[in-house]
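Below is one structure, written out as C-alpha cells, with a few remarks after it.
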Amino acid sequence: MKITVIGGGIMGSGIGQVAAQAGLDVTIVDVSEAGLDKAKTSIAASLEKFESKKKVQSAADVLNRIQFSTDWSSVGEADAVIEAVPEKLELKKQVFEKLDRLAGEDCLLASNTSTLSITAIAGATSRPEKVIGMHFFSPVPMMALLELVKGYQTSEETVEKARQLGVQLGKRLITAEKDYPGFLMNRIWLPMVNEACFALMEGVGTAEEIDQGFIDGYGHKMGPLRTIDMAGIDTTLWAMESLYEGFGDPKYRPCPILKKMVEAGDLGKKTGKGFYSYEGGVKEDAKRVVV
Ligand SMILES: NC(=O)c1ccc[n+]([C@@H]2O[C@H](COP(=O)([O-])OP(=O)(O)OC[C@H]3O[C@@H](n4cnc5c(N)ncnc54)[C@H](O)[C@@H]3O)[C@@H](O)[C@H]2O)c1
C-alpha cells in the first residue's frame, strides 16, 4: 500500500513514520526542503530509539521506505493521502483542491486537522464522500489514539477504509459521528488548556505549579502547558480560534497570552522557547520557566 503525507512537520513526520513502521511505502511532501530535512532527522532519531528498545527491527529499513519530496507526483499513485499542513482552513482547501486534481479515483483523502470542518475541506473537492478526518495524536509513534471524523457527506465506505488504515497503523480508534468544531477530543481538551493559560496570565499560579498539579492531582503524564509547548503554541492558538469562530461562543475566546507568544515567535519546543525553555536541547533546561 502506498501513502502520501502532505506536510512534514510535527504531525506529518510522525504519521509518515508509523506508516513506514507498518510496512507501507510512504512519501512525505512539504513545501520546504529545510522542513523535509528536519522531518528526516527527527524520524531517524525516533526510529533509532525504537530500535534500541527492540520495538523496531531495523531503523534503516523503515527509513528506506520513506521518500521525502517537494514534488506532488506520488499523489497519483497513492492509495491514501493524509494532509498535515498548518491549521488554516484556506490552506487546507487549496491542498484538497490540488489533491482532487492529482489523486486516483479510489484514493482515500484524509485531513489531520485538529478542529476545522471536514465538510468545508471536503467541499474543496469534487468527491466529498471520499474525504474524512483522521486526527492523530502527538507524538504519533507513541500515542495509541486515532479519532476518525465524519464530514457531512463522508460515505460509510470511506469510514471503513479509514478504519482499516488506522488499524493497520496500529492505532485504537474512536469516531466523531458529527462534524462539529474540535470533534470529540479537542472540543474538551482545548478549552481546558486555554483556561490554564488564563490562570497563568492572571497570576493564580506558575506554569510549573499548574503542570505539576495535573501530574500529581489528575495522574496526567504531562501538564497542559508543557503539552502545548510540544504541540506548538501557533497550532494551539489557531485551533482555539477555529473553535471560537466555529461555535461563535465567547467561552472559546483564545487567551491573549497565546497570541502574544505567537507574535513573539515563541512557538514552544520547535522554536526552543514556549512556556519553558528548550535551548541547547538539555532536558534540565526544559524546567526553566519562561512565561
Ligand atoms: N501539533 C500537534 O500536536 C497536533 C496534533 C493533532 C493534529 N494536529 C494538526 O496537524 C496539522 C499539522 O500540524 P503540525 O503540528 O504538524 O504543524 P507544523 O507546523 O509542525 O508542520 C506543518 C508543515 O506543513 C508544511 N506546509 C505548509 N504549507 C504546505 C503546503 N502547501 N504543502 C505542503 N506542506 C506544507 C510546513 O512547511 C510544515 O513542515 C494541523 O492541522 C494541526 O492542527 C497537530
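The values are calculated or read from the model by the stated rules, or taken from the named source; none is laboratory data. The model shown is predicted, which means the values in this text are computed figures rather than measured ones. FYI the Cβ positions are ideal-geometry reconstructions off the backbone, even for glycines, and counts take in every protein chain you see.
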Qualifying residue in segment 212-230 (condition: more than 24 Å from GLU147 (Cα to Cα), crowded, with 21+ Cβ neighbours inside 10 Å and small (Gly, Ala, Ser)): no
Segment 44-59: number of residues that are exposed (fewer than 12 other Cβ atoms within 10 Å of the Cβ) and of a type in the set (A, V, I, L, M): 1
Residue among SER114, SER126 that alone is in the same structural domain as LEU47 (by TED's automatic domain parsing), within 14 Å of the ligand (Cβ to nearest atom) and either modelled with pLDDT of 95 or more or over 15 Å from ILE3 (Cβ atoms) (or both): SER114
VAL81 at negative phi, hydrophobic (A, V, I, L, M, F, W, C), out of contact with any Gly (no Cβ under 6 Å at 6 or more places or on another chain) and away from the ligand (no atom under 13 Å from the Cβ): no
Filtered residue count, segment 156-177, keeping only those that are part of a loop (DSSP other than H, G, I, E, B) and touching a Lys or Arg at 6+ places or on another chain (Cβ under 7 Å): 1
Subset of segment 43-84 (residues that are over 30 Å from VAL149 (Cα atoms) and either part of a strand (DSSP E or B) or among the hydroxyl-bearing types (Ser, Thr, Tyr) (or both)): SER52, SER58
Meets criteria (more than 11 Å from the ligand (Cβ to nearest atom) and of a type in the set (Ser, Thr, Tyr)) for SER73: yes
All positions within segment 257-291 that are more than 23 Å from the chain's Cα centre (by Cα) and either modelled with pLDDT of 95 or more or aliphatic (A, V, I, L, M) (or both): VAL282, VAL289, VAL290, VAL291
Members of segment 140-168 found to be buried (at least 21 other Cβ atoms within 10 Å of the Cβ) and either among the hydroxyl-bearing types (Ser, Thr, Tyr) or farther than 22 Å from GLU87 by Cα (or both), listed by number: THR154, THR158, LEU165
Test: residue in segment 226-236 that is closer than 23 Å to ALA264 by Cα, part of a helix (DSSP H, G or I) and over 18 Å from the mean Cα position of the chain (by Cα): no
Top-ranked residue of segment 79-96 - restricted to ones that are surrounded by 14 or more Cβ atoms within 10 Å (Cβ to Cβ) and acidic (Asp, Glu), ranked as nearest to LEU165 (Cα to Cα): ASP79
Any pair with Cβ under 6 angstrom, 6 or more apart, that starts in segment 1-20 at a residue that is within 18 Å of GLY170 (Cα to Cα) and more than 13 Å from the ligand (Cβ to nearest atom) and ends at one that is charged (D, E, K, R) and assigned to a loop (DSSP other than H, G, I, E, B): MET1/ASP79; LYS2/ASP79; ALA20/ARG65
